[in-house]
Ligand code: PHE
């Protein structure tokens, strides 16, 4: 072996390293030149057979070969890794897995389902009606005076002279009574619309649940109160009291506003209930005879009550939600609390 031959081997080894196109090929070249039986160690071993005068030059050349070859291998390895990264990161088997995000039922839907379950136990079924109503079902049949302010453009979202987005779920009462004979025992959950400005407690699109019980035997205000007291206990827990305050609705007579004892202070008086101990939750009353006439019932032969409340309001009280807007923003941090 002389210097000339060494330089030739060196050139070959570097060409081989440069020609390697993947990690396996690089490894093969490395083994061929640097492995235990590789060419470079073999040449190093021949060093002692080289005549002493030539030995330093030969040794130096052999070392230079090794260094140059190793540098070429490193370059190739780096270049291939760079190309791999550009094609996409290597799959890391040690990373924790990604769990599929399971959805959950919206808190307002949870309240609607629970209300339906509670009333189902005392014989109420769920009735449905359209969001787009006509003047008759939403106002006239509900005994609303022709120029009542609630019919104003500023309160109601009218679609034309007759059609509107229902302002309450009460029109479903009318539909139910026109479609069937008493006894009628229904609750009607649904969307309602009013020309309101969004704030902490108001939304232009909210949800109500209407209740209606009409029978051919006497039904009294006491039955209404017992029904709502049962509902209050089932929905809010034992010990929740109910009180009626006189009020006015066109379609009920007498009419009442319904209060539950304050969920925060239990009736002692606090900031939430404005020191009164009570929270207003619903409107209710005995169905007005004029409403019976509108739907073709004989007011002398039927008795009944109706009530209605806001789903958001019940949900805010039950879950302690301070702002109605949380229900509509679909922020997962909010929704996940109800999973
Ligand atoms: N519809 C009434 C409202 O939106 C509530 C109500 C329903 C009152 C049924 C009495 C009877 O305010």
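Before moving on, here are some points about what is shown:
- Just one of the listed residues (240, 214) is assigned to a strand (DSSP E or B), in contact (Cβ under 8 Å) with a residue 12 or more places away in the chain and surrounded by 15 or more Cβ atoms within 10 Å (Cβ to Cβ), namely 214.
- Yes/no for residue 168 being within 14 Å of the ligand (Cβ to nearest atom), crowded, with 19+ Cβ neighbours inside 10 Å and in a loop (DSSP other than H, G, I, E, B): yes
- Test: residue in the stretch 78-85 that is surrounded by 15 or more Cβ atoms within 10 Å (Cβ to Cβ) and either part of a helix (DSSP H, G or I) or not assigned by TED's automatic domain parsing to the domain that holds residue 211 (or both): yes
- Residue within the stretch 233-245 that is modelled with pLDDT of 95 or more and over 25 Å from residue 121 (Cα atoms) present: yes
- Any hit, the stretch 194-216, residues being away from the ligand (no atom under 14 Å from the Cβ) and more than 35 Å from the chain's Cα centre (by Cα): yes
- At least 1 residues being over 36 Å from the mean Cα position of the chain (by Cα) and farther than 26 Å from residue 239 by Cβ is the threshold, and among the helices (runs of 4 or more DSSP H) wholly inside the stretch 250-329 those reaching it are 289-295.
- Within the stretch 127-163, the set of residues being within 15 Å of the ligand (Cβ to nearest atom) and not in a loop (DSSP other than H, G, I, E, B) comprises 133, 137, 138, 139, 140, 149, 150, 151.
- Here residue 206 meets the list (1) in contact with a helix residue (DSSP H, G or I) (Cβ under 7 Å, 6 or more places away or on another chain); (2) assigned to a helix (DSSP H, G or I); (3) surrounded by 19 or more Cβ atoms within 10 Å (Cβ to Cβ) almost entirely, failing just condition (2).
- Which numbered condition residue 280 fails, given (1) at pLDDT below 95; (2) within 16 Å of the ligand (Cβ to nearest atom); (3) more than 20 Å from residue 209 (Cα to Cα): (3)
- All of (1) in a helix (DSSP H, G or I); (2) more than 16 Å from the ligand (Cβ to nearest atom); (3) buried (at least 21 other Cβ atoms within 10 Å of the Cβ) hold for residue 333 with one exception: (3).
- Number of the exception - residue 48 against (1) free of Cβ contacts under 8 Å to residues at least 40 places away in the same chain; (2) in contact with a helix residue (DSSP H, G or I) (Cβ under 7 Å, 6 or more places away or on another chain): (2)
- Set 219, 200: member being assigned by TED's automatic domain parsing to the domain that holds residue 295 and either at pLDDT 95 or above or in contact with a helix residue (DSSP H, G or I) (Cβ under 9 Å, 6 or more places away or on another chain) (or both): 219
- Checking residue 250 against (1) more than 26 Å from residue 288 (Cβ to Cβ); (2) out of contact with any strand residue (DSSP E or B) (no Cβ under 9 Å at 6 or more places or on another chain); (3) within 16 Å of the ligand (Cβ to nearest atom), the condition it does not meet: (1)
- Wholly within the stretch 1-71, helices (runs of 4 or more DSSP H) carrying at least 2 residues that are over 29 Å from residue 83 (Cα atoms): 3-19, 39-45
- In the stretch 134-166, the residues that are in contact with a strand residue (DSSP E or B) (Cβ under 9 Å, 6 or more places away or on another chain) and either at pLDDT below 95 or farther than 22 Å from residue 289 by Cα (or both): 151, 156, 157, 158, 159, 162, 163, 164, 165, 166
The values are calculated or read from the model by the stated rules, or taken from the named source; none is laboratory data. Since the model is a prediction, treat every value here as computed from it, not as a measurement. Backbone-built Cβ (ideal geometry, glycine too); neighbour counts: all protein chains shown.
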